[in-house]
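Input: a single structure, listed below in structure tokens.
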There are 2 protein chains.
Amino acid sequence: MARIVVKFGGTSVANVERIRQSARHVKREIDAGHQVTVVVSAMSGKTNELVGWTREAAPIHDAREYDAVVASGEQVTAGLMAIVLSEMGIPSRSFSGWQVPIRTDDAHGAARITDIDPTTLDELMNAGWVPVITGFQGVAPSGRVTTLGRGGSDTSAVAVAAAVKADRCDIYTDVDGVYTTDPRIVPKAQRLNKIAFEEMLEMASLGAKVLMIRSVELAMAQKVRLVVRSSFDDPDAPQIAPDGTPGVPGTLVCDEDEIMEKQIVSGVTLAKAEAKITLRDVKDRPGVAAAIFGALADQSIVVDMIVQNISDDGATTDITFTVPDSDYDKAVRALQDAGDSIEYSRISGSKGGAKISVVGVGMRSHAGVASSMFKALAEKGINIQLITTSEIKTSVLIDDQYAELAVRALHTYYGLDKQDA
Amino acid sequence: MARIVVKFGGTSVANVERIRQSARHVKREIDAGHQVTVVVSAMSGKTNELVGWTREAAPIHDAREYDAVVASGEQVTAGLMAIVLSEMGIPSRSFSGWQVPIRTDDAHGAARITDIDPTTLDELMNAGWVPVITGFQGVAPSGRVTTLGRGGSDTSAVAVAAAVKADRCDIYTDVDGVYTTDPRIVPKAQRLNKIAFEEMLEMASLGAKVLMIRSVELAMAQKVRLVVRSSFDDPDAPQIAPDGTPGVPGTLVCDEDEIMEKQIVSGVTLAKAEAKITLRDVKDRPGVAAAIFGALADQSIVVDMIVQNISDDGATTDITFTVPDSDYDKAVRALQDAGDSIEYSRISGSKGGAKISVVGVGMRSHAGVASSMFKALAEKGINIQLITTSEIKTSVLIDDQYAELAVRALHTYYGLDKQDA
């Protein structure tokens, strides 16, 4: 007997028929003797509709009222899911966040979960019931409803899984797992059997939008084993893991220790529309980086890669960084306006870069990944504009037009291609 | 300074633009120095959509889950109304039923309000805030959300008004008051300045669907002065009562004592599609009426007029009653099936009757209203099939084809026609 928290995203509860299909996945787990708690998102599109109404009501409005309005979406799906499960003979009841309670701080619109009382959930599951909880929301110390911000339902599911000490947390979505790279670019992309939390974090932040970063961080901190799987699969099909063995049909996101054979590279990711900006001959003194990136942060511009070379003469240096293409003009303007506090000789840059990254926990113990990456790209005649590295990731910025070619080349180079494709 | 509870129905909050228009009515009261609490319905059509989904999920389902789903509608409008009011410079916050709290019993789907704690509402109103409360719902002793059943928002508003000791409760809807009769039938119908609770109860139950009966009963019991008025009126127009004097532009539903000049007849109502059924030679013994109407109640058939004549011979009697045309066949079948327990010689009946009623508290002290009604109908050659009377109402069943003629004749006969129309 395992205890499982399952979470259904918006497309998995888009209408009553989809809710019924998702409920059959719950039934399969119950029939197998497991204990299940369900966490649901709002019907797909519903949250956008509600958010749209709050904006129409007033462009700037009280976040507490935003939360009161927007939290209604999950309430609907939780009730409907409980009805459908009961109809299938599985005793079930719905909970709004405040009823569990899922306690949060009072940062309305982007609240953080502080505490979940597992008592009622424990009692119900031990008695064979399936609690169905609204994702994305909780209750502040003031007694008002809070929401966790976009993608918060994944975070709710992980937090509930931690609170009830679940053996795993199945995130049902409209894709069937995490792939070595985007299958639209590389048809030979493989679905991963397992991926380490750290790798998933790098993948998530690099554009593999399967799981929200925040939920992966929480899962890693709370040691909650996550599974990314599809609610569109036949609920009654044999349960086969991506590697062909009996198991959970999806990708397990887990602690590194649980992964026996660590790949040097687990995945290749791509982020397009990156603009690069270079400041030449920046006065090399303490505080200059803070001044530059402070000016950008003031404009809510998110900076991605940052590279600073050692200065030749010890007096000036060049600093290069990337921003989304859409923020390029704003970023250049911000730096020109801040010209007095940041001394530099010249600003240059261009849009249309592509960031390619290879990710893998195996890199830690394996030298030469970066150099082999550069070699693989050089063989295709692709010029590298920028390089950044972290413990488990190496990223390069290249010209946009070579992006797909680069991803395919690296995918093959690191032995990630599916053999039978 | 007055304290006013205002309630906006579904058409008054159908979209953000309508919510804004309704909020301007609140602003007018605040600007005039009054204290206001708002009660809102769900956007029109929204509750039907939610109810539809619960039925699609399972034809028979847990009423607690139905409530969890359906209660979400008012949450949306309460939050949006609070946002719009704040945008207008009126400090405001929304409350779900459980947050006030509005306590109810646990009869999910048709709960009764047991208690409303006015503390927070009092504090907010005294500080110049406008609380906005979800109508139609509350919280059961179990902590689960309840709904009050259809039209429950009117009841919520009256209950809140009683709890905060409001001077009046303005029910904003899409009509501008209560009329002497249906203006579509009688163009000369007049909007009433005032109407007594008892009269409103008779009018409401007779097809003038402006207010839910239950809310009028509660208002009468709690002595809450109700006003029926339109949210579609210009919020900034001079406030003129129906009699042309400065005042609230709508119909005040109040205690009889507040009405100086009591009309003998305040209104004429019409209910069409009434079928009549007669049981001949029913054995006249104790329990026979209970057996007949019990058999109908078992089939959820609502019986309206009931007439039993004194039996000629003391042994048998004729019983006639009316049911909606749509229940006629089911009613006849139910009585035939129950034939053994109810002894009668013959069953007969027909569809297509119309019930015409004249209503007025003045009848109590004024003899001869019934006979004058029969005379007025006789003058038009209209045959009366059935008669029932109460303290403040006389109803007759006539052939459907004379319905409009009868209403117009009685409206004129009792001096209700507008003089300038």
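If I filter the range A:136-164 down to residues being part of a loop (DSSP other than H, G, I, E, B) and within 16 Å of the chain's Cα centre (by Cα), which single residue comes out as surrounded by the fewest Cβ atoms within 10 Å (Cβ to Cβ)? Ranking the candidates gives A:ARG150 first.
Within the range B:9-24, the set of residues being surrounded by fewer than 24 Cβ atoms within 10 Å (Cβ to Cβ), over 23 Å from the mean Cα position of the chain (by Cα) and assigned to a helix (DSSP H, G or I) comprises B:VAL16, B:GLU17, B:ARG18, B:ARG20, B:GLN21, B:ARG24. Taking the range B:41-70 as the range and being in a helix (DSSP H, G or I), without any contact (Cβ under 8 Å) to a residue 60 or more places away in the chain and either hydrophobic (A, V, I, L, M, F, W, C) or outside the structural domain of B:PHE136 (by TED's automatic domain parsing) (or both) as the test, the residues that pass are B:LEU50, B:VAL51, B:TRP53, B:ALA57, B:ALA63, B:VAL69. Screening the range B:280-333 for residues that are part of a strand (DSSP E or B) and acidic (Asp, Glu) and picking the one that is surrounded by the most Cβ atoms within 10 Å (Cβ to Cβ) gives B:ASP318. Taking the range B:89-116 as the range and being more than 28 Å from A:TRP53 (Cα to Cα) and either of a type outside the set (Lys, Arg) or within 12 Å of another protein chain (Cβ to nearest Cβ) (or both) as the test, the residues that pass are B:THR104, B:ASP105, B:ASP106, B:ALA107, B:HIS108, B:ALA110, B:ALA111, B:ILE113, B:THR114, B:ASP115, B:ILE116.
Could you go through the range B:125-133 and let me know if any residue there is in a helix (DSSP H, G or I) and more than 30 Å from B:LEU270 (Cβ to Cβ). The answer is yes, given that some residue of the range B:125-133 is in a helix (DSSP H, G or I) and more than 30 Å from B:LEU270 (Cβ to Cβ).
Does A:ALA367 meet the test of being within 30 Å of A:ILE259 (Cα to Cα), modelled with pLDDT of 90 or more, among the hydrophobic types (A, V, I, L, M, F, W, C) and outside any strand (DSSP E or B)? Here the answer is no, as A:ALA367 does not meet what is asked. Within the range A:41-70, being buried (at least 19 other Cβ atoms within 10 Å of the Cβ) and among the basic types (Lys, Arg) holds for A:LYS46, A:ARG64. Under the condition of being within 21 Å of B:GLN385 (Cβ to Cβ) and surrounded by fewer than 21 Cβ atoms within 10 Å (Cβ to Cβ), the residues counted in the range B:404-417 number 5.
The listed residues are B:VAL6, B:VAL38, B:VAL76, and the only one of them that is assigned to a strand (DSSP E or B) and within 14 Å of another protein chain (Cβ to nearest Cβ) turns out to be B:VAL38. As a summary of the residue check, B:THR181 satisfies the conditions (1) of a type outside the set (Gly, Ala, Ser); (2) in contact with a Phe, Trp or Tyr (Cβ under 7 Å, 6 or more places away or on another chain); (3) not in a strand (DSSP E or B) except for the one numbered (2). Could you please tell me which pairs satisfy a Cβ distance under 7 Å, a separation of 6+ or placement on different chains, a first residue in the range A:261-276 that is on the phi > 0 side of the Ramachandran plot, and a second residue that is surrounded by fewer than 21 Cβ atoms within 10 Å (Cβ to Cβ) and part of a strand (DSSP E or B)? Short answer, once both residue conditions are applied: A:ALA273/A:PRO324.
Scanning the range A:208-257 for residues that are part of a strand (DSSP E or B) and out of contact with any helix residue (DSSP H, G or I) (no Cβ under 6 Å at 6 or more places or on another chain) gives A:VAL227, A:VAL228, A:ARG229, A:SER230, A:ILE240, A:PRO246, A:THR251, A:LEU252, A:CYS254.
Only one of the numbered conditions (1) more than 12 Å from chain A (Cβ to nearest Cβ); (2) touching a Ser or Thr at 6+ places or on another chain (Cβ under 9 Å) is not met by B:SER86, and that is (1).
Taking the listed residues B:LYS276, B:LYS272, B:LYS262, the one that is of a type outside the set (Asp, Glu), modelled with pLDDT under 85 and out of contact with any Cys (no Cβ under 9 Å at 6 or more places or on another chain) is B:LYS262, with no other qualifying.
Among the residues making up the range A:212-238, none is free of Cβ contacts under 8 Å to residues at least 12 places away in the same chain and aromatic (Phe, Trp, Tyr). Screening the candidates B:SER72, B:SER44, B:SER86 for the property of being closer than 19 Å to A:VAL69 by Cα and either in contact with an Asp or Glu (Cβ under 8 Å, 6 or more places away or on another chain) or of a type in the set (Lys, Arg) (or both) yields one hit, B:SER86.
Among the candidates B:ILE171, B:ILE133, single out the residue that is closer than 26 Å to B:GLY250 by Cα, within 14 Å of chain A (Cβ to nearest Cβ) and surrounded by 24 or more Cβ atoms within 10 Å (Cβ to Cβ). Spell out the reasoning first.
Working: B:ILE171 fails: within 14 Å of chain A (Cβ to nearest Cβ).
B:ILE133 is the lone residue from the list that is closer than 26 Å to B:GLY250 by Cα, within 14 Å of chain A (Cβ to nearest Cβ) and surrounded by 24 or more Cβ atoms within 10 Å (Cβ to Cβ).
For the range B:109-126, the set of residues classified as over 17 Å from B:ARG214 (Cβ atoms) and in contact with a helix residue (DSSP H, G or I) (Cβ under 8 Å, 6 or more places away or on another chain) consists of B:ASP117, B:PRO118, B:LEU121, listed by residue number.
The values are calculated or read from the model by the stated rules, or taken from the named source; none is laboratory data. Everything numeric in this text was worked out from a predicted model, so none of it was measured. Quick reminder, even Gly has a Cβ in these numbers, built from the backbone with ideal geometry, and neighbours come from all protein chains shown.
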